[in-house]
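K.L.:
Take this structure first; my questions come after.
The values are calculated or read from the model by the stated rules, or taken from the named source; none is laboratory data. Just so it is clear, the model here is predicted, and its values are computed rather than measured. No Cβ is skipped: glycine too gets one built from the backbone with ideal geometry, and neighbour counts run over all protein chains shown.
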Amino acid sequence: MTIIYKYLIPLMSVLFFALVLSCKEKYSEQDEHMHTDAADDHSDDAHVQGEIHLTKKQIEAIQLKFGKLSNIKINDFVKATGTLGLPPNALNSVSAKAEGFIKNSNKYVEGSYVKKGIIMAYLENPEFIRLQQQYLEVAADLVYDRQELNRQRKLLQANAGIEKNVQKLQSTINMKTATLKGIAKQLNYLGIRVEQLTTDNIQERIPIYAPMSGYITSIKMHNGRYVTPEMELMEIVNENHLHLELDIFEKDISKIVEEQAISYIVPALGNTVYEGEVHIIGKEFNSENKTVRIHGHLGKKRPKFIKDLFVEAKIWLNDQTVRALPEKAIIKDGQSSYIYIANPDTEDDEIKFYKILVKPGVTDKGFTSVNILDTIPEDMQIVTEGAFFVYAQSKSGELSHDH
C-alpha cells in the first residue's frame with residue numbers, strides 16, 4: 001500500500017500539469033483567433049492618424065460651403081510709422097523783447113490754451129524809464145532848437161544874423177531828430193507808443209503778449225526771473241496745422257503718390273482709427289534708416305493733440321485685382337496659415353479633407369489675398385465657410401461615422 005501511494009502521487013501531478021498546459025494552449029488559440037477577427041473587422045474603417053474625415057450628413061449639419069479662388073479688387077496698403085507733427089509756422093516761441101525781470105506772470109501750465117494778443121506776463125526794467133525820459137528830453141530840445149533856428153534865419157534875412165549860427169543849429173537839429181527817431185523805434189519795438197507818451201505816463205514795465213493762438217507746450221518763466229531776449233520763455237503750437245510725418249521704406253516709395261488715403265492710430269490714445277491723405281512726398285532720402293519722409297493731411301476727426309506722439313499708419317494703394325478667399329476660409333495656427341480642400345462631389349458617403357499651406361496678404365472687405373504654396377487638384381474645392389469646424393475636427397481626433 002505504501003508502494004502504491006509512492007508512485008500514484010507523482011503520476012497524478014504529471015497528469016494535472018499536462019491538463020493545465022493543454023487548456024492554456026486552447027485558450028491562447030481562441031484568444032488569437034478573436035483578435036485576428038477583430039482586426040479584420042476594423043481594417044475597413046481605420047483611418048491614418050492625422051487625416052480628417054467627415055460624412056456628408058456632418059457636412060450638411062455644420063453647413064460647410066465649398067468654392068474656388070476669386071479674382072477681386074482688394075485695396076492693398078503700405079505700412080508706415082511716424083509722429084503727429086507741425087510745420088515750422090505752426091510753432092511760436094515766446095520771448096522777451098529786452099532784458100528784465102518777469103512780473104505778474106499768469107498761472108499757465110503746459111497744455112493751457114491761449115488766444116493771440118492776450119497778456120501773458122510783464123517785463124520790468126529801469127532802462128525802459130530811461131529811454132522814455134531820453135525821448136521826452138530830446139523831443140523838448142528839438143522844439144527849442146527849431147524855434148531858435150527860425151529866429152536866426154529871420155535875423156540873417158535882416159542882415160543882423162550870422163550864417164554860421166544858422167548852419168550849426170540846422171546840424172544840431174538833424175542829429176537830435178535822428179536820435180529821437182532811433183529812440184522812438186526802440187520804444188515802439190517794446191510796445192510803448194511814443195505819440196501818446198508824456199511825462200505823466202512813463203511806463204516802468206512792458207507786457208509780453210501771446211504771439212498766436214494755440215496750446216502751450218513748454219513754460220520756462222516765472223515771477224522774478226531775470227530774462228534776456230535770446231531765452232525761450234514759452235512755446236505755443238497751433239494744432240490747426242497738425243499733420244502726419246511718416247517714414248516710408250525705400251522698397252515702398254514707388255507705390256506712393258499724392259492724395260492716397262491714409263488710416264492711422266495713435267497707440268498712446270487707444271485703437272481709434274483716424275483718416276488722412278498723402279500731401280507731400282519728401283525729396284530727401286535718409287541713408288541711415290533707408291526711408292523717405294511723407295507729409296499727410298488729417299481728416300476732420302482728429303486725435304487729441306500731444307506733440308510728437310507715435311503713430312502707426314497704413315497708406316492705401318490703388319485697387320488691384322488679386323486672388324483672394326473669404327477671410328474665414330483661412331486658418332491661422334501659430335506661425336502657419338492654411339486652408340482646407342476636399343472633393344464634395346465624391347460618391348462616397350465620407351469625404352476626406354486635406355490641409356494646404358498658404359501665405360495670406362492684405363484683407364479688405366472680408367476677403368484676404370492669398371498665395372497658395374501647393375497645387376490644388378482640379379477635382380478639389382476649397383472650404384470657404386466652416387473651415388473652423390474642420391480645424392476643430394482635426395484637433396479633437398474623434399471621428400464619427402454613419403454606416
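K.L.:
Report, by residue number, each residue of region 104-123 that is surrounded by 15 or more Cβ atoms within 10 Å (Cβ to Cβ) and either modelled with pLDDT of 95 or more or of a type in the set (A, V, I, L, M) (or both).
P.N.:
VAL114, MET120, ALA121, TYR122, LEU123
K.L.:
For region 232-273, how many residues meet the condition of being among the aliphatic types (A, V, I, L, M) and under 30 Å from GLU99 (Cα atoms)?
P.N.:
Counting residues in region 232-273 that are among the aliphatic types (A, V, I, L, M) and under 30 Å from GLU99 (Cα atoms) gives 4.
K.L.:
Still on this structure, please answer the following. Counting only residues that are touching a Ser or Thr at 6+ places or on another chain (Cβ under 8 Å), give me the strands (runs of 3 or more DSSP E) lying completely in region 294-403 with at least 1 of them.
P.N.:
The qualifying strands (runs of 3 or more DSSP E) are 310-316, 320-326, 331-333, 350-364, 367-372.
K.L.:
Taking region 281-337 only, how many residues are in contact with a strand residue (DSSP E or B) (Cβ under 6 Å, 6 or more places away or on another chain), loosely packed, with under 15 Cβ neighbours inside 10 Å and closer than 30 Å to GLY67 by Cβ?
P.N.:
3
K.L.:
Then there's this: Out of curiosity, is GLN186 over 15 Å from ARG146 (Cβ atoms) and outside any loop (DSSP other than H, G, I, E, B)?
P.N.:
Answer is yes for this residue.
K.L.:
Could you identify the single residue in GLY214, GLY191, GLY270 that is at positive phi, surrounded by fewer than 11 Cβ atoms within 10 Å (Cβ to Cβ) and out of contact with any Pro (no Cβ under 6 Å at 6 or more places or on another chain)?
P.N.:
GLY270 is the lone residue from the list that is at positive phi, surrounded by fewer than 11 Cβ atoms within 10 Å (Cβ to Cβ) and out of contact with any Pro (no Cβ under 6 Å at 6 or more places or on another chain).
K.L.:
Also, I was wondering about something else. Could you say whether any residue in region 258-266 is on the phi < 0 side of the Ramachandran plot and without any contact (Cβ under 8 Å) to a residue 12 or more places away in the chain?
P.N.:
Taking region 258-266 as the starting set, the residues that turn out to be on the phi < 0 side of the Ramachandran plot are 258, 260-266.
Now restrict to residues that are without any contact (Cβ under 8 Å) to a residue 12 or more places away in the chain: none.
Checked against the condition, which is being on the phi < 0 side of the Ramachandran plot and without any contact (Cβ under 8 Å) to a residue 12 or more places away in the chain, region 258-266 yields no hits at all.
K.L.:
Which one is nearest to the chain's Cα centre (by Cα), of the residues in region 360-373 that are at negative phi and surrounded by fewer than 13 Cβ atoms within 10 Å (Cβ to Cβ)? Break it down into steps so the answer makes sense when it comes.
P.N.:
As a first pass, look at region 360-373 and keep what is at negative phi: 360-364, 367-373.
Add one more test, that the residue is surrounded by fewer than 13 Cβ atoms within 10 Å (Cβ to Cβ), and what stays is 371, 373.
Working: ASN371: 28, LEU373: 33 Å.
Ranking the candidates gives ASN371 first.
K.L.:
Just to verify a result, which residue in region 64-103, among those that are exposed (fewer than 13 other Cβ atoms within 10 Å of the Cβ) and touching a helix residue (DSSP H, G or I) at 6+ places or on another chain (Cβ under 9 Å), is nearest to LYS365 (Cα to Cα)?
P.N.:
The selected residue is LYS79.
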